[in-house]
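Visitor: Here it is: the structure, laid out below.
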Amino acid sequence: MRKIALVFMLLLMIPNALAYQIPEKGVIYQIMVDRFYDGNKSNNEPFYDSTHTNYYLYWGGDLEGIIEKLDYLQSLGVSMIWLSPINDNINRMAGASAPYHGYWTRDYKRIEEHFGDWETFERLVKEAKKRDICIIVDFVPNHSNPATDGEYASLYDNGTFITHYYKDKENATLNPYTSSLENIYRHNGNIENWYGWEMKSKNLFGLADFNHLNPWVDSYLKESLDLFIQAGACGFRIDAVKHMDLGWLTSFYAHAYQKEPLFIFGEYYKLSYATDDDMFHFYQYANVSPLLSIPIRGNIFTTLGFGGSFEDLAKELEKYYSQFIYPNKAVNFLDSHDLPRFLSESRSKEGYHMALGLIMTLPGIPVIYYGDESYLVSKDGKGDPYNRPMMIFDNTTEAARIIRTLAELREENNALAYGDFRTLHMSYTTWAFERSFGGERVLVVLNKREDKALEIPLNWSDGTYRDVLYGVEMSVKNGRATLEAPKNRILVFSYLGKQEKPLIGSVTPYFAQPGDKVLLGGVAFGKGGKVIVKSEEEKKDAEILEWKEDMIVFEMPKIKTKEAWVNVTVENNGERSNAMRIRYLSGEQTPALLVINESYINTTGQLWIKGDIPELAEPIPLYKSSTGYYFQVVSLPKGATFEVQLYRGLPWGELEPLNVTLYGRANTTVILSEEPIEHETMSSGQICGVGVILAISLVVLLFRRS
Ligand code: NOJ
Ligand code: CA
């Protein structure tokens, strides 16, 4: 009895024991902390404007204010709050602005005193959790703060001064392989050409660029992220992923995923989508991170805020989503702190309601920017910083009703969270698309002109259906739906058919290394069964940590493979689910600069490598330095030896093998060579260690027999 009580007590002591949220099922609410609600007047100074007229100063919002408003947020049906960065920012003005926005960090291990401290953050996490809401933190690992203004990129480690931009430059050295001048920061000037290595290794608008290959920087940023994980954050929005090496980013995400199955998404600032840039490679091959859907926001805004055809929009969205392996992990938004608000540019409130409804029903996770529900507008219709006015609280609006109703539907009907995306009808002014997942379906109909009678092919059971937003009726007979679509409305119909066999809809995170916890979302998982992880070479049952009808947590096993991807399936009562792909990392990761001497290469054009370990199995592009090397930052399993093949080609085309094989071993800098690398032989110390273990085993065996 005492033992049971002890186990029970231990379980109570584990914080947040296996209580995870599946991101796709939810809705994110984005808050600019300074502009939300002032819960503590004593932390407002300095650089405070109580009149809320100077958009470049602090206005008083803080973490205590958010805690006070949690009931309000719960009333909107949101399940995740994305906080603007809350790390300690510079204590001076820069470019006539205070860092009220939080993007100018000086100490990644402390909380900005205008917003609160670690205790307030933990209280926020706890209070939010009581309302089934979890906290996502905006984290800014690409740069610290302005290099030539303010505090000159001063950096602190939990209060201890480390460096500033000029001091750092005194001891900076030239990397012989990349020709970057670097120390803790990189000292290569500002980005002028927005592509290639320059985009990663120069200062973004004067913000001091971190040298992530410096081991101190690498551990400092990882330790800082850990503080938020320990304090209970359920995910991160990573700033400026476009400006960091994918290899370092992979090791950073992998580090976080070792702690918890977090939801981490990135900001890759690109207003339109094109195959000829780095972003294409980002999700075509690397798949490091779900991204904010910045490239499609403009299409949605124009079509519903001004003019333009639904036909074009539908085609554009289908093209966009087809690039993703996990389209349902795209993070969709209408308004943000970086763009003018929808209603500031377009006066069409009806168009706005339709656009809100669309964001809530497209593949991906919707973001509601603070005040979207209360029709908050930018001052004089402008963008940053005027799109960050003080919050107006009103959850009784039509916009709030749309958000709440569709947030509830996301919970109830899995087609919105996990479903595919298929246009059933499109014209210039009307559009109907279906989302389906197993037996569950959602039909979305938009009409932006006069009331219109529509007939749409629809494979639902015969009957009458009522849209969840306005109660408009639709009748279905013999695979055809007929309805009267009202002018300027979005209609959403739901169908909940039964699903007998297990079906996986989501995997979080979608890359994992052995030992990581992975979350599966789906339906018909039953009361128990198996999760099978399969590579080309091996098949293993994973250890199950939690099993529910609609969610499983398992531990990624170690598995033999040279490929990038493994398949995961669920089995119960002899029924097997669909297979879901997971990017497999073969061991504890370390970032590494991979270098190839140009003497190995007698061709021009874009070069790539592919290697014989999972981390290098998808094509990785190489940069060329002015010092005679090709290079790239990659994430490698510590201590691994590997070989790579060289390729040439364009990102969207087939790659041509160059028949060059090179070899390397994981290290901070890996200079690839033509000589194969011997596998590690055992040192005399290791041989001695193995001898001792064998001897002990023998004694134990003999002892048990006697
Ligand atoms: C993108 C953020 O969204 C923006 O607001 C910020 O100023 C820049 N990154 C730089 O951190
Ligand atoms: Ca950078």
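The values are calculated or read from the model by the stated rules, or taken from the named source; none is laboratory data. Just so it is clear, the structure is predicted and the values come from calculations on it, not from any experiment. Here Cβ is always computed from backbone atoms with ideal geometry, including for glycine, and neighbour counts include all displayed protein chains. Side chains included, ligands, DNA and RNA excluded: accessible areas come from the protein's heavy atoms. Shrake-Rupley method; radii C 1.70, N 1.55, O 1.52, S 1.80 Å.
Visitor: Using DSSP to define loop residues, name the trypsin sites (Lys or Arg not before Pro) in segment 129-207 whose beta-carbon has at most 15 other beta-carbon atoms within 10 Å.
Guide: Qualifying residues, ordered by number: ARG131.
Visitor: Right, another one. Using Cα pairs under 8 angstrom and six or more residues apart, how large is the relative contact order of the chain, in percent?
Guide: Dividing the mean separation by the residue count of the chain yields 10 percent.
Visitor: Expressed in nm to one decimal, what extension gain is obtained for the pair ASP612 and ARG347 from 0.36 nm per residue of sequence separation less their Cα-Cα distance?
Guide: Length gained between ASP612 and ARG347: 89.8 nm.
Visitor: List the relative contact order of segment 422-496 as a percent without decimals, with contacts defined as Cα pairs under 8 Å and 6+ residues apart.
Guide: 32 percent
Visitor: Another one. Tell me, in nm to one decimal, what length is gained between ASN91 and GLU450 on full extension, where the rule is 0.36 nm per residue of separation less the Cα-Cα distance?
Guide: Stretched out fully, the ASN91 to GLU450 stretch lengthens by 123.7 nm.
Visitor: Write down the accessible area per residue of the chain in Å², having rolled a 1.4 Å probe over the full set of protein chains.
Guide: Each residue of the chain exposes 41 Å² on average to a 1.4 Å probe.
Visitor: What nm value, rounded to one decimal, do you get for the distance between GLU654 and GLU412 when each label is placed 7 Å out toward the C-beta?
Guide: Spacing of the two 7 Å Cα→Cβ label points: 5.0 nm.
Visitor: Over 18 Å between Cα atoms, which of LYS129/LYS527; LYS109/LYS329; LYS501/LYS548; LYS41/LYS69 qualify?
Guide: LYS129/LYS527; LYS109/LYS329
Visitor: Right, something else. Would you mind estimating how fast the chain diffuses translationally, via Stokes-Einstein at 4 °C and 1.567 mPa s with the Kirkwood radius over Cα pairs, in µm²/s?
Guide: Taking Rh from Cα pairs, D becomes 48 µm²/s.
Visitor: So for the pair GLU571, LYS487, with labels modelled 7 Å out along Cα→Cβ, what separation do we get in nm?
Guide: Spacing of the two 7 Å Cα→Cβ label points: 6.0 nm.
Visitor: Run lengths n ≥ 4 of DSSP H only: what is the helix-derived mean residue ellipticity at 222 nm for the chain, with -39500 (n - 2.57) per run over all residues, to the nearest 500?
Guide: One gets -7000 deg cm²/dmol as the mean residue ellipticity at 222 nm.
Visitor: Now for a separate question. What is the spin-label model distance, in nm, from THR302 to SER599 if the labels are put 7 Å beyond Cα along the C-beta direction?
Guide: With each label point 7 Å from Cα toward Cβ, the separation is 5.2 nm.
Visitor: Carbon and sulfur together cover what percent of the accessible area of segment 473-600 at a 1.4 Å probe radius?
Guide: Carbon and sulfur together cover 42 percent of it.
Visitor: Please identify every one of the trypsin sites (Lys or Arg not before Pro) in segment 550-619 that sits in a loop by DSSP and has no more than 14 other beta carbons within 10 Å of its own beta carbon.
Guide: Of the trypsin sites (Lys or Arg not before Pro), the ones in loops of segment 550-619 whose Cβ has at most 14 other Cβ atoms within 10 Å are LYS558, LYS560.
Visitor: Would you mind calculating the relative contact order of segment 15-122 from Cα pairs under 8 angstrom and at least 6 residues apart, reporting the percent as a whole number?
Guide: Normalised by residue count, the contact order of segment 15-122 is 31 percent.
Visitor: OK, next. Mind checking which aspartates and glutamates have their Cα closer than 19 Å to the Cα of LYS530? Skip sequence neighbours fewer than 8 apart in that chain.
Guide: Result set, ordered by chain and number: GLU500, ASP516, GLU538, ASP541, GLU543, GLU546, GLU549, ASP550, GLU555, GLU571, GLU575.
Visitor: Within segment 198-229, list the chymotrypsin sites (Phe, Trp or Tyr not before Pro) lying in a DSSP loop whose Cβ has at most 11 other Cβ atoms in a 10 Å radius.
Guide: Passing sites in segment 198-229 are PHE205.
Visitor: Let me ask something else about it. More than 18 Å apart: what percent of Cα pairs in segment 135-211 qualify?
Guide: That tail contains 40 percent of the Cα-Cα pairs.
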